[in-house]
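Heads up: the structure comes next, in structure tokens.
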Amino acid sequence: MNITSLASTVFKPNVTPNTVSQTTLAIARVVIGLMMIHNGQDKLADIESFAQAYVAYLGLPFPITLSYIAAFTELIGAPLVMVGLFTRPAALGLFSTMCVAMYHHVKVAGLSLPYLELSAIYAACFLYFTVNGPGLFSFDALIANRIDMSALSARAKKVMRLESAYNAESVQKSEVTAQ
């Protein structure tokens, strides 16, 4: 596998060429990302308190360092998910952070659903974006198309309104068949 096809695989989103589903996917990315930025800001507002109450409580080493890692994962990863750039690695980092949060909630309150629900919903959303990518309305889809013109279907390109790329691909195919 060469570097181009590897890069195309990393950036290629799960593509359902349906404008309505792609639009709702983009809206979900933005809303979830905005809420997660807020969580990262809350951690940084009083990092020592967060480190003591959450990280040290779990018995994890280097509570201040891990608290900064969690906060910056949320502050950097969430905007990346919002715009759909490096979505899979950003969502994986956020999913991991939410798994630790869920573990903390279980350790503090047992299987109390009201206490667990928000971090579980975030974790499920970030797991979805880790597995499926950001959708067609994202920078990842544009990068995948730029790296490999055949990475996205003609219908997907039409949904993304990449008519020039769609038309260029059609011209290339007609030239190949003419030869």
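The values are calculated or read from the model by the stated rules, or taken from the named source; none is laboratory data. The model shown is predicted, which means the values in this text are computed figures rather than measured ones. Using ideal geometry, Cβ is built from the backbone for each residue, glycine included, and neighbour counts are taken over all protein chains shown.
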Checklist entry - Can you pull out the residues in segment 84-95 that are within 14 Å of residue 34 (Cα to Cα) and either of a type in the set (Asp, Glu) or touching an Asp or Glu at 6+ places or on another chain (Cβ under 9 Å) (or both)? => result 84, 94
Next on the checklist: Could you list, ordered by first residue, the pairs with Cβ atoms under 6 Å in which the first is in segment 65-88 and in contact (Cβ under 8 Å) with a residue 60 or more places away in the chain and part of a helix (DSSP H, G or I) and the second is among the polar types (S, T, N, Q) and buried (at least 18 other Cβ atoms within 10 Å of the Cβ), at least 6 apart or interchain?
Outcome noted: 88/130
Checklist entry - Are there any pairs with C-beta distances below 7 angstrom linking a residue in segment 94-114 that is closer than 19 Å to residue 53 by Cβ to a residue that is among the β-branched types (Val, Ile, Thr) and surrounded by 13 or more Cβ atoms within 10 Å (Cβ to Cβ), with the two at least 6 apart or on different chains, and if so which? => result 97/73
Checklist entry - Do we find a residue being free of Cβ contacts under 8 Å to residues at least 40 places away in the same chain, assigned to a helix (DSSP H, G or I), under 29 Å from residue 3 (Cβ atoms) and not β-branched (Val, Ile, Thr) anywhere in segment 118-136? => result yes
Next on the checklist: Within segment 36-59, take every residue that is of a type in the set (A, V, I, L, M) and touching a residue at least 40 places away in the same chain (Cβ under 8 Å) and give me the one that is farthest from residue 107 (Cα to Cα).
Outcome noted: 37
Next on the checklist: Looking only at residues that are at pLDDT below 95 and crowded, with 19+ Cβ neighbours inside 10 Å in segment 120-138, which one is farthest from residue 23 (Cα to Cα)?
Outcome noted: 133
Item to check | Subset tally (residues that are within 18 Å of residue 160 (Cα to Cα) and either at pLDDT below 80 or outside any helix (DSSP H, G or I) (or both)) for segment 1-53 | outcome: 9
Next on the checklist: Suppose we keep only residues that are under 19 Å from residue 69 (Cα atoms) and among the β-branched types (Val, Ile, Thr) within segment 81-115. Which one would you say is farthest from the chain's Cα centre (by Cα)?
Outcome noted: 100
Checklist outcome for this item: Among residues of segment 63-74 being surrounded by 17 or more Cβ atoms within 10 Å (Cβ to Cβ) and among the aliphatic types (A, V, I, L, M), the residue nearest to residue 45 (Cα to Cα) is 71
